[in-house]
Amino acid sequence: MLPGPLPSLNALRAFDAVARLGSFKAAASELAVTSTAVSHLVRNLEEQLGVRLLERTPRQVRPTPEGRTLHEATTLAFGAIRSGVAAVRKSGDPRVLTVSATSAFLSAWLVPRLASLHRALPGLDVRLHASNAAIDLNAGDVDLAIRYGHGPYPGLEATPLLVDEFVVVAHANSPIGTVADLKHAALIHVEGQTMPAPPADWTLWRSRFGPADLDVSGGLRFTDVALAIQATLAGHGVAIVSHLLVSDALRAGLLTRPIRESLQGATYFMISTARTARRPEVGAFRMWLSQQLEASL
């Protein structure tokens, strides 16, 4: 029996969006059409295939067993199309390099070095992508990611760049000079950190270095390390942060490191696909990045 004609691409896109997002409204927003249009496309697809693909309830929409089978196929197909389109675009503009990193790494360390990067690699158009979330490098939208963790990163090329440590920093005019002085300081906390593990916070510091009666319940709390660094620069207290992220401020005398003890951090990695790693500009960027990191500490 010969297979029938393939459904329209628009119908498959509509179904894929609804199955992935679980909502006709969300799918319509993503596709920039009306919910009614999405519903018609999906119903036409179901009629053409002769099966029900989605279970519709007032609260949610979810694929039927046949719908799950088709959604697995559309996920792979549209992913391959996106990767192919991204690869073709890059082949027409090979001097573009999209780099993903956390907002803190970009603002505190990489952005201040963009002039150095442009001098070292003239003609390379580096585009920065700020994200604290995991990136699908196989999708092709981002060439490489600078990530902080312990690895491994299976299926990807991961180059360790720097093993970090967490240090206590304070404003240059802070009276803090010893571990005992911390009892009289306003503590600045960064919440929600997943790396390193266990988190390098004041609770861990107290257990390692004291003082044993240090009250870690008070102080300022942030969910973004960049804001914690800004609060420290403004003289609002003392913080435990990545040494790399405050290396420039320490060198400039804006911050001081009053206590020499430190907590073990994680490792900065440069991550890419094997295909991307072979691009000459990626190798040149890796070399520049390694040299700059080595000179930072």
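Here each label is just a point 7 Å from Cα along the line to Cβ, and for A234 and A73 those points are 5.7 nm apart.
In plain terms, the chain from R275 to R119 could stretch by 53.5 nm, reckoned as 0.36 nm per residue minus the Cα-Cα distance.
Looking at the chain only, what percent of DSSP beta bridges run antiparallel? Nearest 5 please. Percent antiparallel among DSSP bridges in the chain is about 65. Shape descriptor for the range 125-250: Rg over Rh equals 1.03 (Cα atoms; Rh from the Kirkwood inverse mean 1/r).
Which FRET efficiency value, to the nearest 0.05, do you get for R95 and E55 by plugging their Cβ-Cβ distance into 1/(1 + (r/R0)^6) with R0 = 41 Å? Here the calculated transfer efficiency is 0.25.
Taking the inverse of the mean reciprocal distance over all distinct Cα pairs, the Kirkwood hydrodynamic radius of the chain comes to 22.7 Å.
Around the Cα centre of the range 1-144, unit charges on the Cβ atoms of Lys, Arg, Asp and Glu (plus for the first two, minus for the last two) sum to a dipole of about 280 debye. In nm, what is the difference between 0.36 nm times the number of residues separating I135 and E66 and their Cα-Cα distance? Roughly 21.9 nm would be gained on extension. Treating r as the C-beta distance of S29 and A197 and R0 as 41 Å, the FRET efficiency rounds to 0.65.
The range 21-74 and the range 229-297 have Cα centres lying 46 Å from one another.
Among the trypsin sites (Lys or Arg not before Pro) in the range 245-276, those located in a DSSP loop and surrounded by at most 11 other Cβ atoms within 10 Å of their own Cβ are R260.
Label point of A80 set 7 angstrom out along Cα-Cβ; within the range 1-42, amide nitrogens under 20 Å from it belong to 3-17, 20.
You can think of it this way: the chain between H184 and Q292 has 35.2 nm of extra reach, that is 0.36 nm per residue less the Cα-Cα gap.
Just so you know, all these numbers are worked out from the coordinates, no wet-lab data involved. The model shown is predicted, which means the values in this text are computed figures rather than measured ones. FYI the Cβ positions are ideal-geometry reconstructions off the backbone, even for glycines, and counts take in every protein chain you see.
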